[in-house]
Ligand SMILES: [Fe+2]
Ligand SMILES: [Fe+2]
């Protein structure tokens, strides 16, 4: 399934990024089955979430201008955020994927956002805990996922904000909103 998109990322991405993307796709598909989301949407979002990750800054800037995308202050300074914004535009405008849920999951896979859908959360978490991930703290996140998706979601946001603040990097407002909403609603559903 989705062979053409698998071939596409194989061509567009470096080998290790391709492996990561396929691991994220399988992990997201599994989480979707477990938590009652659409496994096909999750698999597709996983395959394509980093589709622009290995594009040059110049290429992404060109796409932003072509698609009329204006970056906010934090986005302008944090190039790591670009591939998610670019990737969402790319799947919509170049690949002509019309599924808003898939586009949004890709768009918010780095920052998260307020009102994350189940699919958004699944991709966000799969990107952290996919099979090849070996950063310090990944085992705690995997442990947290065993407790539950929402539990792991809060821990992943905390992890991300800690990493950024320790390096005195800006935290995108979408991440702050996501974090506040996640902790304010924790345990209420
Ligand atoms: Fe990414
Ligand atoms: Fe990723």
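Under the 0.36 nm per residue contour assumption, what length would be gained going from the current alpha-carbon distance of residue 74 and residue 181 to full extension? List each step's numbers first, then the result.
On the way: separation 107, 0.36 × 107 = 38.52 nm, distance 2.04 nm.
Between residue 74 and residue 181, full extension yields 36.5 nm more.
With an 8 Å Cα cut-off and a minimum separation of 6 or more residues, compute the relative contact order for region 58-189 in percent. List each step's numbers first, then the result.
Values: 113 pairs, mean separation 28.1, N = 132.
Over region 58-189, the number comes to 21 percent.
Tell me whether region 147-189 comes out rounded, prolate or oblate; compute the Cα gyration tensor, take square roots of the eigenvalues as a ≥ b ≥ c, and use a/c under 1.5 as the rounded threshold. Could the numbers behind the result be given before it?
On the way: a/c = 3.44, a/b = 1.78, b/c = 1.93.
Here region 147-189 falls in the oblate category.
Wrap a convex hull around the Cα atoms of the chain, take a quarter of its surface area, and give that in square nanometres.
Computing the convex hull of the Cα atoms and averaging its projections yields 10.4 nm².
Determine the gain in length on full extension of the stretch residue 132-residue 14; use 0.36 nm per residue of separation and subtract their C-alpha separation, reporting nm with one decimal.
Numbers: separation 118, 0.36 × 118 = 42.48 nm, distance 1.48 nm.
Answer, rounded to one decimal: 41.0 nm.
How high is the FRET efficiency between residue 165 and residue 143 when r is their beta carbon distance and R₀ equals 30 Å, given to the nearest 0.05? Each step should come with its number before you reach the end.
Values: r = 23 Å, r/R0 = 0.76.
Approximately 0.85, to the nearest 0.05.
Under the 0.36 nm per residue contour assumption, what length would be gained going from the current alpha-carbon distance of residue 6 and residue 61 to full extension?
On the way: separation 55, 0.36 × 55 = 19.80 nm, distance 2.47 nm.
Roughly 17.3 nm would be gained on extension.
Which of these, 114, 58, 163, has the largest mean-square fluctuation under a Gaussian network model of the chain (Cα springs below 10 Å)?
58
Along each of its three principal axes, how wide is the spread of alpha-carbon positions in region 1-106, in whole angstrom units, largest first?
Dimensions of region 1-106 along the principal axes of its Cα atoms: 38, 27, 24 Å.
Computed from the coordinates by the stated procedures, all read-outs in this text should not be read as laboratory data. Being a predicted model, the structure only gives us computed values, none of them experimental. Using ideal geometry, Cβ is built from the backbone for each residue, glycine included, and neighbour counts are taken over all protein chains shown.
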